[in-house]
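Accompanying notes for the structure given below.
The values are calculated or read from the model by the stated rules, or taken from the named source; none is laboratory data. Note that the coordinates shown come from a computational prediction; the quantities given were computed from them, not determined experimentally. Here the Cβ positions follow ideal geometry from the backbone for every residue, glycine too, while neighbour counts run over all protein chains shown. These area figures cover heavy atoms from the full protein model, side chains too; ligands, DNA and RNA do not enter into them. Shrake-Rupley method; radii C 1.70, N 1.55, O 1.52, S 1.80 Å.
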Amino acid sequence: QPRVRLGVQAEQRFYLRDLLYAMMLESDNDVAVVVAEGIAGSEEAFAKRMNEKAKELGMTKTYFVTPNGLDRDGNGSCALDLARLAQYALQNDAFLKIIATRDYVFSDVDGKVTYTVTNHDAFLTQRKGALGIKTGFTGAAGYCFVGASWEEDRELIAVVLACGWPPQKTKKWEDMRTLFEYGKEQFT
């Protein structure tokens with residue numbers, strides 16, 4: 001499993017907005033747990049809500065056990081379902097602002113600790129019109145990416161899963177370029 005974490009301590013308090021930046025830009029897995037517990041009371045209760053939303057969005061091959069997507073029996077999805085989720089999320093202005101952010105600095109509510117989170121989505125600078133969305137990696141899933149791009153007055157969404165394992169970290173960007181070129185040429 002990737003060791004991506006903000007290092008949240010039990011007594012710390014945060015604004016939800018700041019935690020969303022930490023989740024989306026750095027993939028901080030501990031932050032996903034904090035958000036889940038804060039919103040639904042437990043990881044399990046939050047996963048139940050995630051599954052209800054997935055069903056509502058027509059994500060028929062998706063099931064969540066955890067709020068952070070780490071490898072765990074039962075967690076699973078497919079490219080089509082992740083594209084459906086991306087299409088839904090891209091309708092939210094706050095989401096669009098977060099995924100386009102390069103760096104974000106915030107503190108806990110008490111101002112005791114300051115954090116800087118950085119967007120690791122290289123796709124944002126590789127393609128004109130790129131909206132980015134989310135990078136990911138687990139031992140079972142390999143390198144993954146869900147991305148979107150504005151191409152000549154239309155929005156294209158592409159998903160790559162199991163796109164190599166270390167040291168093939170950059171292969172996902174090559175595959176995304178190929179998919180977006182194909183989409184640009186083949187779809188109206």
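For the peptides 117-126, 69-78, the ranking by packing is 117-126, 69-78, with the highest mean count of neighbouring Cβ atoms within 10 Å listed first. With springs only between Cα atoms under 10 Å, which of K112, K48, K169 fluctuates most in a Gaussian network model of the chain? Looking only at K112, K48, K169, the biggest GNM fluctuation is shown by K112.
When you restrict to C-alpha pairs under 8 Å that are six or more residues apart and normalise by the size of the stretch 25-75, the relative contact order lands at 30 percent.
Under the criterion of Cα pairs below 8 Å and six or more residues apart, the relative contact order for the chain equals 17 percent. Surface composition of the chain: carbon and sulfur make up 53 percent of the accessible area, probe 1.4 Å. The GNM of the chain, with springs linking C-alpha atoms under 10 angstrom apart, assigns the highest mean-square fluctuation among D175, D110, D30 to D110.
Shape of the stretch 53-188 from the C-alpha gyration tensor: rounded (a/c under 1.5, with a ≥ b ≥ c the square roots of its eigenvalues). Is the stretch 1-77 best put as rounded, prolate or oblate by its Cα gyration tensor, with a ≥ b ≥ c the root eigenvalues, rounded for a/c under 1.5, and otherwise prolate when a/b is larger than b/c, oblate when not? Prolate, since a/c reaches 1.5 and a/b exceeds b/c. Using C-alpha pairs under 8 Å with a sequence gap of at least 6, the mean separation divided by the residue count of the stretch 97-184 gives a relative contact order of 19 percent. Averaged over its residues, the stretch 1-87 has an accessible area of 58 Å² per residue, based on protein heavy atoms and a 1.4 Å probe. Each Lys and Arg Cβ is given +1 and each Asp and Glu Cβ -1; about its Cα centre, the stretch 1-127 then shows a dipole of about 360 debye.
Only helical runs count toward this figure. For the chain, summing -39,500 (n - 2.57) over DSSP H runs of n ≥ 4 and dividing by all residues gives -12000 deg cm²/dmol at 222 nm. K169 sits among other residues whose Cβ lies under 14 Å from its own Cβ, and their net charge, with Lys and Arg +1 and Asp and Glu -1, is -1. For the options E43, E152, E26, a Gaussian network treatment of the chain with springs between C-alpha atoms closer than 10 Å singles out E152 as fluctuating the most. Between the C-alpha center of the stretch 79-109 and that of the stretch 120-167 there is a gap of 13 Å. Around the amide H of A130, modelled in the peptide plane, lie the amide H atoms of W150, all under 5 Å away and 5 or more residues distant in sequence or on another chain. Computed about its Cα centre, the charge dipole of the stretch 57-179 is approximately 220 debye, with only Lys, Arg, Asp and Glu carrying charge at their Cβ.
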